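See below for the structure under consideration.
The values are calculated or read from the model by the stated rules, or taken from the named source; none is laboratory data. Note that the coordinates shown come from a computational prediction; the quantities given were computed from them, not determined experimentally. Virtual Cβ from ideal backbone geometry, glycine too; neighbours counted across all protein chains shown. When the accessible area is computed, the model is the full protein with side chains, heavy atoms only, and any ligands, DNA or RNA have been set aside. Shrake-Rupley method; radii C 1.70, N 1.55, O 1.52, S 1.80 Å.
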Amino acid sequence: MVRMEDIPVKELICSAMEARKKAYVPYSDYMVGAAVLTNELRIYTGCNIENASYTPTICAERTAISKAVSEGWRRFQAIAIVGGPRGDKITQYAFPCGVCRQVIREFADPDRFIVIVAKDENDYRQYRLSELLPESFGPENINV
Ligand code: THU
């Protein structure tokens, strides 16, 4: 586990911005990119992928985590998220939805995991997962 100051924040944000370009968003036109950092310092990216039937839509965060988990990586220490209406200029911080917070929780220590929401690599905020999802329910509650 690396220390907070060792997390490659700018690289994560740039990776998320690159992934955002791939967003498939014909219904909302709201493009999101995410980049997750494994405990082993690998980066997996994802974008949101919408669907004509709406509910099958998958968020960028869950795309990134699904890619990593399906490749065998199950422990994460940070995620960067970049989201906003179609266009290169991001004018808002896009926070993860409740479902994504819970999915991150499955594979993260809430007191250590860092959520970075960014407008660009020089304009971002960071939070512990436990700030965004307090008093959470996780695998330890079942696997006692
Ligand atoms: N979206 C994400 O990708 N991540 C979030 O955490 C919130 C919402 C996507 C889903 C949908 O494609 C679009 O943003 C508008 O809700």
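When the Gaussian network model of the chain links Cα atoms closer than 10 Å, the mean-square fluctuations of Lys67, Lys21, Lys89 top out at Lys89.
Couplings for the range 119-134, taken from phi via the Karplus curve 6.51 cos²θ - 1.76 cosθ + 1.60 with θ = phi - 60°, read 9, 7, 5, 10, 9, 8, 10, 9, 9, 7, 4, 4, 6, 8, 9, x Hz in order; Gly and Pro are left as x. Between Tyr93 and Thr55, the modelled labels are 3.3 nm apart [label points 7 Å from Cα along Cα→Cβ].
Below 16 Å Cα-Cα, how many Lys pairs turn up in the chain? Only count pairs eight or more apart in sequence, or on different chains, if you could.
6
Label-to-label distance, Arg74 versus Glu135, with points set 7 angstrom from Cα along the beta-carbon direction: 2.9 nm.
Subtracting the Cα-Cα distance of Lys10 and Lys67 from their residue separation scaled by 0.36 nm leaves 18.4 nm.
Based on a Kirkwood Rh over C-alpha pairs, give the Stokes-Einstein translational diffusion coefficient of the chain at 10 °C and viscosity 1.306 mPa s in µm²/s.
Details: Rh = 15.0 Å.
Rounded to a whole number, D works out at 106 µm²/s.
For the chain, give the percent of accessible area contributed by carbon and sulfur heavy atoms, probe 1.4 Å, rounded to a whole number. The partial results should precede the final answer.
Values: 3910 of 7790 Å².
Exposed carbon and sulfur together represent 50 percent of the surface.
For a Förster distance of 35 Å, can you work out the FRET efficiency between the beta-carbons of Glu121 and Tyr24, rounded to the nearest 0.05?
Values: r = 24 Å, r/R0 = 0.68.
After rounding, the FRET efficiency stands at 0.90.
Entry comment: accessible area of the chain is 54 Å² per residue, from protein heavy atoms only and a probe of 1.4 Å.
The string of couplings for the range 7-16 from the Karplus curve (6.51, -1.76, 1.60, θ = phi - 60°) is 5, x, 4, 5, 5, 5, 5, 5, 5, 5 Hz, one whole number per residue in order, with x for Gly and Pro.
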